[in-house]
Amino acid sequence: MAAPSGRTGHRSTTRRSLARTAYAAPQVDPAIARHGADQGRDSLALRDDVALMRRVAQGCQASFAVLVERHAAALYRVAARMLGDGHDAEDVVQDCFARMWQNAPRWQPTGAGLVGWLHRVAMNLCFDRKRRFRVVVTDDLPDPADQAPLADRLIEQREACAQVAAALADLPERYRAALVLCYYENFSNALAAQVLDLNIKAMESLLFRARRQMRELLEARDITCRDVAFMGAAAGLDGAGPNEAGPRSGAGALA
């Protein structure tokens, strides 16, 4: 992802191909990567977010590229799970980093820092996108027959993953946001509260209601806590990825 050439908010129309499995991160433009290497990319990578943002505020594209590489994967996972669509998630990530570039001169390291700021921007973009675009439901095309001999356990796991993904998609957006942040991205309640602009008590209440409704949706789909534990505690809807170890509370997260 190349840094914007100016602070006009112009958004590149080039869509890069992302790996759909494991919610892979968007790739940084090779030209920017080379540019970063020329300016001591290795040393930049050792700097913290605050130091890099100061350089971005001065127009340093190499620092911008380091921040994209550092945070894009998490933002893409969150957007993909909130929106259920990889292309829309790409757009959100692009817009999120465009806003980071534009706001760098005014950004201050308060609260949850850059991580919290980026996730707040990404979450608001997801909310806006859900409100603007209405989902059109069409008949699903039948999956092509898989000739490979899959074990019954693997088939069950895929079915359970699909059911959990469907249940997550059926949640109200604020409930989904609470679960995605706290159980998929392992945010603390305090950090998630800052992202969602809530106090800690309101966050805990939201999370409680989200877990309860998610559990009801899973039970309606005949998905049990054992199924959730078996498939990796529901963290990886795609069954893989950087956060495949599962949510912080394990199988009990939705219990």
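Translational diffusion of the range 46-133, estimated by Stokes-Einstein from the Kirkwood radius over alpha carbon pairs at 37 °C in a medium of 0.692 mPa s, is 250 µm² per second.
Ranked by the mean number of other Cβ atoms within 10 Å of their residues, highest first, the peptides 194-203, 55-64 come out as 55-64, 194-203. Residues in the range 77-83 carry Karplus couplings, in order, of 4, 4, 5, 5, 6, 6, 9 Hz; the curve used is 6.51 cos²θ - 1.76 cosθ + 1.60 with θ = phi - 60°, and Gly or Pro positions show x. Extension gain for Asn103-Glu219 works out to 37.3 nm (0.36 nm per residue, less the C-alpha to C-alpha distance). In order along the range 102-107, the Karplus-derived 3J(HN,Hα) couplings, from 6.51 cos²θ - 1.76 cosθ + 1.60 at θ = phi - 60°, round to 5, 9, 3, x, 9, 6 Hz, and Gly and Pro are given as x. Our coupling estimate for the range 199-213, obtained by passing each phi through the Karplus curve with A = 6.51, B = -1.76, C = 1.60 and θ = phi - 60°, is 7, 5, 5, 5, 5, 5, 5, 4, 5, 4, 5, 5, 4, 5, 5 Hz, Gly and Pro reported as x. Derived from the Cα gyration tensor, the three semi-axes of the equivalent ellipsoid of the range 64-105 are 19, 11, 7 Å, largest first.
Projecting the alpha carbon convex hull of the range 153-206 along each direction and taking the average yields 4.0 nm².
Values in this text are rule-based calculations from the coordinates and carry no lab data. The structure displayed is predicted, hence computed values, not measured ones. Cβ sites come from the backbone with ideal geometry, for glycine too, and all protein chains shown count toward neighbours.
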